[in-house]
Amino acid sequence: MTEAIKLENDPIPTEKLSQLIIDSIQDTKGKKIVRLDLREIPEAPTDFFIICEGDSTTQVRAISENIKQKLREDFGIPPSRSEGIENSKWILVDYFDVVVHIFHPETRSYYELEELWSDAKVTSIAEA
């Protein structure tokens, strides 16, 4: 993995990017936020997973849109891709080295990403 995303001419460390994403989630009252540090796992597809949930599909979509808007407008960082907007039960927003998973509660419970990556270092984020 690369250690930074280009921000204009200055790189932004992935840890800082993950914090900006967490701040954006908290702005829209996202719940049960965790950051999985995958950097020590050789087969990991990225450096960090940020996982959270919203109470409804409307809130899941709003969290996703807030992240994309805030990072694009404030820092010039667009996502490389975004999936799941149609049904908004699980939206993935990919920033290469940080991948965000925004879940509806039942979908999060079903897929149990935290269990799949249980060897990652997990940081639970207090609700703002």
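The numbers here are math on the coordinates, done by the rules we state, and not lab data. The shown structure was predicted, so the numbers you read here are calculated from the model rather than taken from an experiment. Positions of Cβ are generated from backbone atoms using ideal geometry, with glycine treated the same way; all protein chains shown enter the neighbour counts.
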With only helices counted (DSSP H, runs n ≥ 4, each -39500 (n - 2.57)), the per-residue ellipticity at 222 nm for the chain, to the nearest 500, works out to -10500 deg cm²/dmol
Of Lys16/Lys121; Lys16/Lys89; Lys70/Lys121, which pairs sit farther than 23 Å apart, going by alpha carbon to alpha carbon?
Lys16/Lys89; Lys70/Lys121
Ranked by how many other beta carbons lie within 10 Å on average, peptides 61-69, 103-111 from highest
61-69, 103-111
Could you please rank Leu36, Leu116, placing first whichever residue has the fewest other Cβ atoms within 10 Å of its Cβ?
Leu116, Leu36
Once the Cα gyration tensor of the chain is diagonalised, semi-axes √(5λ) in Å
21, 18, 13
Please list, in chain and number order, the residues 5+ apart from Ile33 or on another chain whose amide H is under 5 Å from its amide H, with Hs placed from the backbone.
Ile125
Distance in nm between pseudo-label sites at Glu112 and Phe75 (7 Å out along the Cβ direction from Cα):
3.2 nm
Within-9-Å neighbourhood charge of Asp94 [Cβ basis; K, R +1; D, E -1]
0
Arranged by the count of other C-beta atoms within 10 angstrom, fewest first, what order do Ile41, Ile12 take?
Ile41, Ile12
Starting from the Cα gyration tensor of region 73-121, take the square roots of the eigenvalues, sort them a ≥ b ≥ c, and report rounded, prolate or oblate (rounded when a/c is under 1.5, otherwise prolate if a/b is larger than b/c, else oblate).
oblate
